[in-house]
Amino acid sequence: MTEERLEIRHYALWTAIDDLAVQVNLSPSALAIHAGLNSCTLNRSNRTRGGTLHWSSTATIGALLSVTETSWGEFGHLVDLIEQAQLNQIVEAQKKAREVGGTTRAKGERASTGKLARSECQMILRNGSES
């Protein structure tokens, strides 16, 4: 998996975790507390450390899923939907850049992950968009 793809998967995982909190009308910190975790566990500042992506443990995700009554399958599907939306957005940006004769990035520059706003991800989920 490329570094860019890992960044997209990382974003999708954490967005899905944030969406779990939204689904039960809690902040990520409050969700962590309800799951018996430290209130700082889901803080945005903990998602990368020194430029390195931090991945939530399966134990943490399991606790969140239990509190939100979400299955692993549902959570995995949510992550996949968010990731696919990100990839689609990147492809569209690349197409538009080619249409105007530009490039999506300068030589040696990493491509943007084209992160979607949370509201866009939630809209995709509400509309039942499939990957």
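Computed from the coordinates by the stated procedures, all read-outs in this text should not be read as laboratory data. On a predicted model such as this, the values are computed, not experimentally measured, just so you know. All Cβ positions, glycine included, derive from the backbone under ideal geometry; neighbour counts span all protein chains shown.
A compact table of results
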item: Cα gyration tensor category, rounded, prolate or oblate, for the stretch 36-86 with a/c compared to 1.5; result: oblate
item: Cleavage-rule hits (GluC sites (Glu not before Pro)) in the stretch 1-93: DSSP loop, at most 10 neighbouring Cβ within 10 angstrom; result: Glu69
item: Pairwise FRET efficiency - Glu4 versus Ala30, Cβ, R0 = 30 Å, nearest 0.05; result: 0.40
item: Length added when fully stretched, Ser71-Val91, from 0.36 nm per residue minus Cα-Cα; result: 4.2 nm
